[in-house]
1. Of everything in the stretch A:181-218, what is in contact (Cβ under 8 Å) with a residue 12 or more places away in the chain, away from chain B (no Cβ under 12 Å) and acidic (Asp, Glu)? Give them in sequence order.
2. With respect to the numbered conditions (1) under 20 Å from B:Pro188 (Cα atoms); (2) touching a helix residue (DSSP H, G or I) at 6+ places or on another chain (Cβ under 9 Å), which one is the sole condition not fulfilled by A:Thr61?
3. Pairs needed: first member in the stretch B:52-65, on the phi < 0 side of the Ramachandran plot and in a helix (DSSP H, G or I); second member anywhere, hydrophobic (A, V, I, L, M, F, W, C) and surrounded by 15 or more Cβ atoms within 10 Å (Cβ to Cβ); C-beta distance under 6 Å; at least 6 residues apart or different chains.
4. Only one residue in B:Ala330, B:Ala334 is of a type in the set (Gly, Ala, Ser), touching a residue at least 24 places away in the same chain (Cβ under 8 Å), under 18 Å from B:Val267 (Cα atoms) and assigned to a helix (DSSP H, G or I). Which one?
5. Of the residues that sit in the stretch A:219-254 and are in contact with an Asp or Glu (Cβ under 9 Å, 6 or more places away or on another chain) and away from every other protein chain (no Cβ under 12 Å), which one is nearest to A:Val167 (Cα to Cα)?
6. Within the stretch A:61-91, can you find the residues that are hydrophobic (A, V, I, L, M, F, W, C), crowded, with 18+ Cβ neighbours inside 10 Å and within 14 Å of chain B (Cβ to nearest Cβ)?
7. Taking the options A:Ala275, A:Ala262, name whichever one is of a type outside the set (Lys, Arg), closer than 30 Å to B:Pro324 by Cα and in contact with a Gly (Cβ under 8 Å, 6 or more places away or on another chain).
Amino acid sequence: MASLRTLLALLLVLAPLAAYARTVVDSAGRKVEIPGKIEKVFAAGPPASILLYMLAPEKMTGWPDPPRPEERPFIAEKYRDLPALGRLTGRGGTANLEVVLKAAPDLILDFGSVRDTYASLADNVQTQTKIPYILIDGRFEATPTALRLLGEILGVSERAERQAVYVEAVFAEIDAVLKDVPVDKRPRVYLARGPDGLETGVVGSINTEVIERAGGRNVAEAAGQRGLVRASMEQVIAADPEVVLTWDRNFFGKVHGDPLWAGIKAVRDKRVYLAPTAPFGWIDRPPSLNRVIGLKWLAGLFYPDRLSQDLRETTRSFYRLFYHVEPSDAELDTLIAWSKGQAPSAAPQPRR
Amino acid sequence: MVEGTGAIRRTAAATLSDHRLAIAALAAGLCALMLAASLIGAYPISPGELVAAVGRRLAGAAPVGQIDTVLFEVRLPRVLAAVLGGAALAGAGAAYQTLFRNPLVSPDILGVSTGAGLGAVLGIFLSLPVFGIQLTAFAVGLATVALVYAVASVVHGRDPILVLVLAGVVVGSLAGAAISLLKILADPYDQLPAIVFWLLGSFSAIRRTEVWATLPMVLVGLLPLLLLRWRINVLSLGDEEAKALGVEAGRLRLGVIAAATLMTASVVAISGVIGWVGLVIPHIARMMVGPSFDRLLPTAMLLGGSYLLLVDTLARTMARIEVPIGILTAILGAPFFLWLLMRGREGWS
């Protein structure tokens, strides 16, 4: 919050001085000079492209990867067919700097880690291309700050404020429930990733942030470990989670008939849940603001007695406010059925 | 060679029983390790509970809680898979090293692991279920070696072994490039981690059916190696000498390659890429019983089984999460191999 206030103060001081250009301080503390009016923005990776799509889809130069056919209905029609320009940062970077230059953005945006590696990458690209490059802190807890900061930079503060207030309300609603639930009464949750369900994220990793924020206790604890790890079947049996979450349809399709998983509490109690992934993952994939809908969904699954919600209405309002679409009844049916375990197809459709 | 035969001649009878003793001791050690490994794990099972569970199993009584599942569906299959994997990789390594007359050869020399890696990565990329991924790994692993052999057999008039190795290097690096391409194209948040973990190797997802499916494959590969063990010895003398002794080197080589490849591919398909075992273990075996293939094969397989079981038990117990076994075998194998290099070539010939 302090940095935001400094930034606003800085902007107020500088605004009359520089009508065309202004200097902003990004989440990594870098001072970046940006043009007065920003028309086109290049998103450096999938998390940034989702943040940008939510806040200012009209300023997008393209997607990092083309949306899959099953994802397209949930992306506003005007933006479904934007070109795929590749990823500049993060896992498996594929964008070419010449592609970035050809798209001629006024700004390059990255959303996620603001560690030194990313700050120096931003500096390098900025020096090379002469295009201002800003980093926004992608920690889930900092979501409202990120929305307001980028909204201010892009000149879409009004929309940013509406979205930030929405996210703050979701956080507050969950905090009100969690206040009365001691830690040892919270459900023990295992995130099953990969086709065999034995990939998971450890406590504190970006992959399980949303589970912990929704009031679940992640059973994968490992001191000194970060990010994704492999677990063994025996560890899962020993941990005996009360809830298992996944978005892998292969795994979800097999887990109920699998003798190894049969004795696990979550399977016996029918508390294995499949997260929808359209247009973006509800709980991860990628770790961006798409997780806000998953946060509401998970909190409802973890605390069905304390948090009553109309998932259909929640979905409709979230998709309207953040994804700029008005899903039809049939499309809502698809999503709701998906969140209850009936995915539209057995495997994700290939990208085109 | 002169020194070795001299030693054998000197105390022929004593050495023979020494070797039998060494092999028997290794077998006993492996059994002890398997028992110990069955008692260690994330899910606490005491020796008494182990005996009770085995008794229930034999009597056909109903399982009690999760103990029976952990023991018979998770832990024992994993112990067996590690032993089977280590034995197959070390056995294949011993066969390849004898065949190529070169101690730096490992089972991946003809690209079977890289090929299997490509198959698995393709399976993950296509969002196939686990069984489909294993099947593509197995098939592409075999196909890679077949391609290498086909390429090498087209080239005439050069040292056939050199040509095979070079073809293996070329096809292997092509497969490596294809893996990199698929990594770039894969979903970075979903498929890429699965690919990375597969390429690091692990027995963490092993189940009983996979052990039962892999065992006959390994045995089918092992059988010709056992039957041909004396002729394979002759191969290590070189093609000309083998011919003089009435062994047709080319055909025998094809047989050994096919057998060792089948063993390696069937293991790698369920475990992912595990390096160093097939390279280092045959060396230790050779230090113990000498280079003669008939003794080298069982010794290497017993040692390999014990070694991989030990490493896998470490991998599943040393931290609260799994340590990928490929990392451990490299950390343990590389320094040992350097030490071997510094000791010189004794024990090889």
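1. If the condition is that a residue be in contact (Cβ under 8 Å) with a residue 12 or more places away in the chain, away from chain B (no Cβ under 12 Å) and acidic (Asp, Glu), then A:Glu209 is the only one that fits.
2. (1)
3. B:Ala53/B:Ile67; B:Ala53/B:Leu71
4. On the way: B:Ala334 fails: under 18 Å from B:Val267 (Cα atoms).
Of the residues listed, the single one that is of a type in the set (Gly, Ala, Ser), touching a residue at least 24 places away in the same chain (Cβ under 8 Å), under 18 Å from B:Val267 (Cα atoms) and assigned to a helix (DSSP H, G or I) is B:Ala330.
5. That would be A:Val243.
6. Of all residues in the stretch A:61-91, those hydrophobic (A, V, I, L, M, F, W, C) come to A:63, A:74-76, A:82, A:84-85, A:88.
Cutting the leftovers down to crowded, with 18+ Cβ neighbours inside 10 Å gives us A:63, A:74-75, A:85, A:88.
Of everything in the stretch A:61-91, those that are hydrophobic (A, V, I, L, M, F, W, C), crowded, with 18+ Cβ neighbours inside 10 Å and within 14 Å of chain B (Cβ to nearest Cβ) turn out to be A:Trp63, A:Leu88.
7. Criteria check complete, one pass: A:Ala275.
Let's see how each residue does on (1) out of contact with any Lys or Arg (no Cβ under 9 Å at 6 or more places or on another chain); (2) within 29 Å of A:Asp284 (Cβ to Cβ); (3) within 14 Å of another protein chain (Cβ to nearest Cβ):
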| position | (1), (2), (3) |
| --- | --- |
| B:Val170 | yes, no, no |
| B:Ala178 | yes, yes, no |
| B:Tyr189 | no, yes, yes |
| B:Pro193 | no, yes, yes |
| B:Trp198 | yes, yes, yes |
| B:Ser204 | no, yes, yes |
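The values are calculated or read from the model by the stated rules, or taken from the named source; none is laboratory data. A quick note: this is a predicted structure, and the numbers were derived from the prediction, not measured. Counting neighbours? That spans all protein chains shown, and the Cβs are built from the backbone with ideal geometry, glycine included.
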